[in-house]
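Asker: Have a look at this one.
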Amino acid sequence: LMLVAINSVAATPEGILSVDFFHNGEMAFPMQQLVSFGKVPYFDIDPIHGFCDFFYSLMNVVFFDGTYMSQSAAIMAAELFMAAFLALVMGKCIGNRYASLITVCLLMPYLVQKAGVRYLVFFAAFFILFNREIRKDGRRFLWWWVILCILGISWNVSIGSAMAVAFLPEVIYRLIKNIIPKLKNMKAWSSMEKKRFGIS
């Protein structure tokens, strides 16, 4: 699955300097500052769009020269890692191996090349939270939702928030479904206690 995913998104990086100075500069600059001077140019360590920008630039520092000129190739390297990770998640979350293989072949170019690494946790969360085993247990589902919300919002604030809101109706439903029976039991218990003590 991972090999199929990587091969389906592999492409030759652009051999020209990107003129998207805002986004590429936002991705390259924090990691350059961190590697060169041991600090990032923010009051905290969270860049504008989240930690996904650090991942792009980490690929640049590890595999290339860490400069703006190699950022285009670094983005391609980051997308290959994203494809491998999503293939692993799909393989674990989709029960049928043939269905997971078809899903990888059909969706991977869109998930990675069109959406980009910023959507990594977003897509992984959908596969995890729609997994049959996780949906069986309401408590387990809620824990996964909380953990993935934290990871998703840290990875990319706006996209992670959209993922959290997308599952919010089901989360509210599951909370109500689990709370109401307990409230009914508590009401029945309190009425029994009142009868026992003769309280009307």
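Asker: So, in the stretch 59-75, exactly how many residues are over 21 Å from residue 114 (Cα atoms) and either touching a strand residue (DSSP E or B) at 6+ places or on another chain (Cβ under 7 Å) or not β-branched (Val, Ile, Thr) (or both)?
Answerer: Qualifying residue count for the region: 6.
Asker: Criterion first (in contact with a Phe, Trp or Tyr (Cβ under 8 Å, 6 or more places away or on another chain) and at pLDDT 75 or above) does residue 70 satisfy it?
Answerer: Details: in contact with a Phe, Trp or Tyr (Cβ under 8 Å, 6 or more places away or on another chain): yes; at pLDDT 75 or above: yes.
For residue 70, the condition - in contact with a Phe, Trp or Tyr (Cβ under 8 Å, 6 or more places away or on another chain) and at pLDDT 75 or above - is met.
Asker: Only one residue in 99, 83, 115, 78 is touching a residue at least 40 places away in the same chain (Cβ under 8 Å) and either open to solvent by less than 20 Å² (accessible area, probe 1.4 Å) or out of contact with any Cys (no Cβ under 9 Å at 6 or more places or on another chain) (or both). Which one? If you could, list the steps in order and put the result at the bottom.
Answerer: On the way: 99 fails: touching a residue at least 40 places away in the same chain (Cβ under 8 Å); 115 fails: touching a residue at least 40 places away in the same chain (Cβ under 8 Å); 78 fails: touching a residue at least 40 places away in the same chain (Cβ under 8 Å).
Selected residue: 83, the only one of 99, 83, 115, 78 that is touching a residue at least 40 places away in the same chain (Cβ under 8 Å) and either open to solvent by less than 20 Å² (accessible area, probe 1.4 Å) or out of contact with any Cys (no Cβ under 9 Å at 6 or more places or on another chain) (or both).
Asker: Please specify each residue of the stretch 151-169 satisfying the condition of being loosely packed, with under 13 Cβ neighbours inside 10 Å and within 19 Å of residue 135 (Cα to Cα).
Answerer: Answer for the stretch 151-169, where residues must be loosely packed, with under 13 Cβ neighbours inside 10 Å and within 19 Å of residue 135 (Cα to Cα): 165, 168, 169.
Asker: Among the residues of the stretch 66-75, write down those that are open to solvent by 20 Å² or more (accessible area, probe 1.4 Å) and hydrophobic (A, V, I, L, M, F, W, C).
Answerer: 69, 73, 75 - these are the residues of the stretch 66-75 that are open to solvent by 20 Å² or more (accessible area, probe 1.4 Å) and hydrophobic (A, V, I, L, M, F, W, C).
The values are calculated or read from the model by the stated rules, or taken from the named source; none is laboratory data. This is a predicted model, so every value here is computed, not measured. In this analysis, Cβ positions are derived from the backbone assuming ideal geometry, glycine residues included, and neighbour counts consider all displayed protein chains. Remember, those area values only see protein heavy atoms, side chains included, never the ligands or the DNA or RNA. Shrake-Rupley method; radii C 1.70, N 1.55, O 1.52, S 1.80 Å.
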